[in-house]
1. Comparing 276, 219, 189, which has the greatest mean-square fluctuation in the GNM of the chain with Cα pairs linked when under 10 Å apart?
2. Where the centre of each part is set by its Cα atoms, how far does the stretch 228-283 sit from the stretch 4-37, in angstrom?
3. Would you pull out the residues with amide H under 5 Å of residue 171's amide H, same chain only if 5 or more places away, H placed 1.01 Å from N?
4. For the residues 128, 96, what sequence is obtained by ranking on other C-beta atoms within 10 Å, fewest first?
5. What do you get for the angle between helix 314-327 and the principal long axis of the chain? Use alpha-carbon atoms, 0 to 90 degrees, nearest ten.
6. Only four residue types carry charge here, +1 at the Cβ of Lys and Arg and -1 at the Cβ of Asp and Glu. Report the dipole size of the stretch 190-302 about the Cα centre in Debye, rounded to the nearest 20.
7. Identify which of the listed values of Cα extents along the principal axes in Å was calculated from the structure shown: (i) 58, 49, 45; (ii) 81, 47, 39; (iii) 81, 44, 39.
8. Quickly estimate the mean residue ellipticity at 222 nm for the chain, helices only: each DSSP H run with n ≥ 4 gives -39500 (n - 2.57), and the total goes over all residues, rounded to 500.
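Read-outs throughout are calculated quantities, based only on the coordinates presented, and are distinct from any laboratory measurement. Everything numeric here is computed off the predicted structure, so don't read it as measured data. In this analysis, Cβ positions are derived from the backbone assuming ideal geometry, glycine residues included, and neighbour counts consider all displayed protein chains.
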Amino acid sequence: MMTNETIKQEAENLHDYVIEMRRTMHQLAEVGGYEKDTRARIEEELKADGISFTELEGTSLYAELDTGKPGPFICLRADMDALPMPENENNLKQKRIVRSRTPDKTMHACGHDAHMAMCLGACKALSRHKDELTGRIGIIFESGEECGAGYEIILDYLKDYKFDAFWAIHVYAGMPTGKLCVHPGPRMAGFAPFDVTFHGKGGHGSRPDQAINPVFCAASYLNNMAVAFANQIDANQTVTLGITSIQGGTVSNVIPDDAHVIGSMRFFDHDEGVKAVRIEKEVAEHTAAMYHCTAEFSEGVEKEQVGIPVINDTKLGTLAEKSIAEILPDAVTEWEPWYASESVGRYLMKWPGVLCHLGIKNEAKGTGAGHHNTYFDVDEDALDLGVIATLKYVAAVEEAYGK
């Protein structure tokens, strides 16, 4: 087991390496399913550390460090993909330190570059201290987290694996640098899209009686959704209703054939999320019938695909809080759950584990712009904390294993 002194020293020794890796990954900035150069660069680092790996279908990667000694099976995970969006040359205050190689097309606007860098730093430290460790450490580098392209392939590959403890980090622009949260319970929200097209019958704007106006149907659907949520969603739960677009027609004197509504729902209770999806479809279908329209759902909605909330394990979350506070006494804090969504929830449904939120907000440096924003930037001073927290979690799980 690595001691606190060893962990701190390793983080200090790896400081420049982790920053270099973060900047390298930031420059590569490949979108989900196309992280070929990113994966190749990760493979170079794993080879240098003597860590074996397997390329999975698509561009995901699974690696493993086996100590050859009895002990816990721990899994670390980092996501790899950037976003298909332009990158501003500045953050909120100044020119950013590093930019994407294709700043007009792709950008690491959610911190996945930092996630990979911290994970690689931890892997290097763990490989150096392999003789002091027990058990096995799996490492997932996930492709396409933003678009859901990778987790099913990874879970299928790992379907027979029995991890004792899972760990992932997500940097958080809403939390100040120097703070982190590993609190048990809900950390990030589940996600369910809605995407419905109401089909009516177009006509001249002067004779609405000779048409079937889907715009009125779409408007009524929104009102009915609000009423249904207020009266059917459990009052002890939260399901947000985020309407982002309603479109129907283009000119003032033509009633369109169709009207289209999209948005999403977020929740921290999976069962309540499933119920919300059912309510949404029922409201759409019954509203359409009232207006003599029909409702057509996108494929994802038709299949009732529901994203999984991220729920930190009670035992491991408590262990993480206590153990990380021993080595970073001023860093560990409680923080309100984040309403964004993350594929880590899929893994935590299968294996017990913890998602750590790591603060990167630093007004002096201009970091703190919201995720998926062209001004988003990472405060690199936070990366040492992420490496320390990862290594301490591994050490704490080792110590607690079998007790």
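1. Most flexible of the set in this elastic network: 219.
2. Here the answer is 40 Å between Cα centres.
3. 358
4. Values: 128 16, 96 22.
Neighbour counts put them in this order, fewest first: 128, 96.
5. Between helix and principal axis, roughly 50 degrees.
6. Working: 6 positive and 14 negative charges, 71 e Å.
Dipole magnitude for the stretch 190-302 comes out near 340 debye.
7. Computing Cα extents along the principal axes in Å and matching it to (i) 58, 49, 45; (ii) 81, 47, 39; (iii) 81, 44, 39 gives (ii).
8. Details: 11 runs with 144 residues, N = 403.
The per-residue figure over the chain is -11500 deg cm²/dmol.
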